[in-house]
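Have a look at the structure below, then the notes.
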Amino acid sequence: MKNISTSIWELDTFYRKRDIVIIGSGFTGLWTAISIKEKFPEKSVLIIERNPIPTGASTRNAGFACFGSLTEIISDSEKMGWDKTLDLVKMRFEGLQKIQSYFSADEIDFELCGGYEILNNEKASDRLDEVNQHLFPITKTEKTFRIANEKIKEFGLGKSEFLVENLCEGSLHSGKLLMKLVEKCHEIKVEFLCGTEVESVSENENELEIKINKNLSLISDKVIFCTNAFSSKFLKFEEIIPARGQVILTEPIENLKLKGTFHYDEGFYYFRNIGNRILLGGARNQDFKTEETSIFETTEFLQNHLENFLKDVILPNQDFKIAMRWSGIMAMGSEKMPIVKQLSERQFCAVRLSGMGVALAPKIGEMVCELVS
Ligand SMILES: Cc1cc2nc3c(=O)[nH]c(=O)nc-3n(C[C@H](O)[C@H](O)[C@H](O)COP(=O)(O)OP(=O)(O)OC[C@H]3O[C@@H](n4cnc5c(N)ncnc54)[C@H](O)[C@@H]3O)c2cc1C
């Protein structure tokens, strides 16, 4: 917006003082707004989003309703211990249940299609029983993960020695879920200012000033940063590392055998079917340094790498054409736990949702709502 002077009508309405301002309208911002408005219907809640639509990770991901793969859970337990790992799994499990309790499967193309992980050695499968025991209190099934090698042929996979199945995982349409969340927000009178970038936030004893351009500020009682990978300018002391995820999508493929969500290499590669197309993303670990960026681009190196993976592992002996390529930006840290905390008297944050925000955000919204109240 140009620095034109504001009118009294604008100041009294769109730019009036609010009880709570949320910055960022991805999954985290939207679920947070819903939790707050449901608990405190009398509070005025405004979401400020810098782009016309949420543009970070939420509209650009793979749409896994993700529980997490076997090797990912083992790796998490080795890095952060079982207690934190199970807390995170529980959050995802309950997050997925919450999504299903708000929206019908048809509304968001939710399918409990099962998740699979390709393994090429026995190391992880040797720990299957141990991991299942840890997960039992959450999933209430004795075999959350099971070996399903018979499906390797059924799905037409190449270069895959073992396949681990997880019936708790599903897929959904991220765009449709976001649209339903926005619809829900409108229903409960959450307000939006889209195409409006927050430049800075300053706090005094009585209120917050949220600067949206040189001449224009908005006053609020509290602010919640839901800016994920784009948070560094507001949260200087938190460890937030941007991580780009590149994606390719094929044209429809005749007689496609593959169905479900698939993980490979500790979750660095992920692919699924969308009807009779394949969406494949990841391989960040092939070029870590370049992908530590918040620039929405695709690179020739990783796009070629993904295409080769598609040829060798997912669609061996089958022709395919790439229809679309895009990238999205995640937020990572040395630890996988999201950062949900009070930063000062009036400022809060819910950021760093790593590669699992679809499932985590509904619970993160509840957690930050508890902090704010
Ligand atoms: C390629 C890819 C694949 C993924 N696959 C999956 C998956 O299959 N399953 C899964 O669970 N997770 C997946 N993820 C991760 C998941 O998408 C994220 O964890 C989740 O979307 C994070 O949501 P968010 O709302 O915290 O952040 P975002 O969606 O990034 O939203 C942050 C918002 O803040 C806005 N913003 C930033 N700065 C400002 C500012 N100054 N003023 C105003 N607005 C601002 C941005 O425009 C953006 O809309 C994937 C991510 C990527 C990139």
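The values are calculated or read from the model by the stated rules, or taken from the named source; none is laboratory data. Quantities reported herein were computed from a predicted structural model and do not represent experimental measurements. When we count neighbours, we look across all protein chains shown, and the Cβ atoms used for this are built from the backbone with ideal geometry, even at glycine.
Take the residues of the range 63-77 that are among the small types (Gly, Ala, Ser) and touching a helix residue (DSSP H, G or I) at 6+ places or on another chain (Cβ under 8 Å): which is farthest from residue 174 (Cα to Cα)?
Ranking the qualifying residues of the range 63-77, first place goes to 77.
Would you confirm, using the coordinates I've provided, whether residue 58 is within 16 Å of the ligand (Cβ to nearest atom), under 28 Å from residue 332 (Cα atoms), small (Gly, Ala, Ser) and not in a helix (DSSP H, G or I)?
Judged against the criteria, residue 58 is a match.
Among the candidates 122, 117, single out the residue that is over 19 Å from the mean Cα position of the chain (by Cα) and crowded, with 21+ Cβ neighbours inside 10 Å.
117
Somewhere in the range 277-299, is a residue of a type in the set (Phe, Trp, Tyr) and either part of a strand (DSSP E or B) or modelled with pLDDT of 95 or more (or both)?
There is at least one residue in the range 277-299 that is of a type in the set (Phe, Trp, Tyr) and either part of a strand (DSSP E or B) or modelled with pLDDT of 95 or more (or both).
Tell me, which strands (runs of 3 or more DSSP E) lie completely within the range 319-362 with 3 or more residues that are more than 7 Å from the ligand (Cβ to nearest atom) and crowded, with 17+ Cβ neighbours inside 10 Å?
347-351
Give just the number: which of (1) under 30 Å from residue 59 (Cβ atoms); (2) part of a helix (DSSP H, G or I) does residue 168 not satisfy?
(2)
Give me the pairs, please: first residue somewhere in the range 335-348 and without any contact (Cβ under 8 Å) to a residue 60 or more places away in the chain, second residue anywhere and of a type in the set (Val, Ile, Thr) and buried (at least 17 other Cβ atoms within 10 Å of the Cβ), beta-carbon distance under 9 Å, and either six or more positions apart or on two chains.
Close Cβ pairs (under 9 Å, with a partner that is of a type in the set (Val, Ile, Thr) and buried (at least 17 other Cβ atoms within 10 Å of the Cβ)) amount to 338/28; 338/351; 338/364; 340/351; 340/364; 340/368; 341/368; 342/372.
Residues checked against (1) at pLDDT 95 or above; (2) buried (at least 20 other Cβ atoms within 10 Å of the Cβ):
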site	(1), (2)
98	yes, no
126	no, no
136	yes, no
172	yes, yes
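Can you confirm whether the range 303-312 contains a residue that is in contact (Cβ under 8 Å) with a residue 24 or more places away in the chain, aliphatic (A, V, I, L, M) and within 21 Å of residue 155 (Cα to Cα)?
The answer is yes; a qualifying residue exists.
Scan the range 196-212 and report the pairs whose first residue is free of Cβ contacts under 8 Å to residues at least 40 places away in the same chain and part of a strand (DSSP E or B) and whose second residue is more than 14 Å from the ligand (Cβ to nearest atom) and of a type in the set (Val, Ile, Thr), with Cβ atoms within less than 8 Å and a gap of 6+ or a chain change.
Every condition considered, the pairs that remain are 209/219.
Please state which of the following conditions residue 214 fails to meet, knowing it meets all the rest: (1) charged (D, E, K, R); (2) in contact with a strand residue (DSSP E or B) (Cβ under 8 Å, 6 or more places away or on another chain); (3) at pLDDT below 95.
(2)
Looking at this structure, is residue 41 in a loop (DSSP other than H, G, I, E, B) and either more than 8 Å from the ligand (Cβ to nearest atom) or surrounded by fewer than 24 Cβ atoms within 10 Å (Cβ to Cβ) (or both)?
So residue 41 passes the test.
Being in a helix (DSSP H, G or I), surrounded by 15 or more Cβ atoms within 10 Å (Cβ to Cβ) and of a type in the set (A, V, I, L, M): is that true of residue 223 here?
Judged against the criteria, residue 223 is not a match.
Specify which of the listed residues (58, 69) is within 25 Å of residue 348 (Cβ to Cβ), touching a residue at least 12 places away in the same chain (Cβ under 8 Å) and not basic (Lys, Arg).
Exactly one residue qualifies, and that residue is 58.
Report, ordered by the first and then the second residue, all pairs with beta carbons closer than 6 Å, sequence separation of six or more or different chains, a first member in the range 137-157 that is farther than 17 Å from residue 264 by Cβ, and a second member that is part of a loop (DSSP other than H, G, I, E, B).
Between residues of the range 137-157 that are farther than 17 Å from residue 264 by Cβ and residues that are part of a loop (DSSP other than H, G, I, E, B), the close pairs are 139/168.
What are the residues in the range 245-262 that are in contact with a Phe, Trp or Tyr (Cβ under 8 Å, 6 or more places away or on another chain) and either in a loop (DSSP other than H, G, I, E, B) or not assigned by TED's automatic domain parsing to the domain that holds residue 316 (or both), if any?
251, 253, 257, 258, 259, 260
Within the range 259-278, which residues are under 16 Å from the mean Cα position of the chain (by Cα) and of a type in the set (Ser, Thr, Tyr)?
Within the range 259-278, 261, 269, 270 meet the criteria.
Could you tell me whether residue 199 is acidic (Asp, Glu), in contact with a Lys or Arg (Cβ under 7 Å, 6 or more places away or on another chain) and within 30 Å of residue 21 (Cβ to Cβ)?
In short, yes.
Consider the range 171-195. How many of its residues are assigned to a helix (DSSP H, G or I) and under 21 Å from the mean Cα position of the chain (by Cα)?
12
Based on what the data block shows, is residue 72 within 14 Å of the ligand (Cβ to nearest atom), at pLDDT below 95 and of a type in the set (D, E, K, R)?
So residue 72 fits the description; yes.
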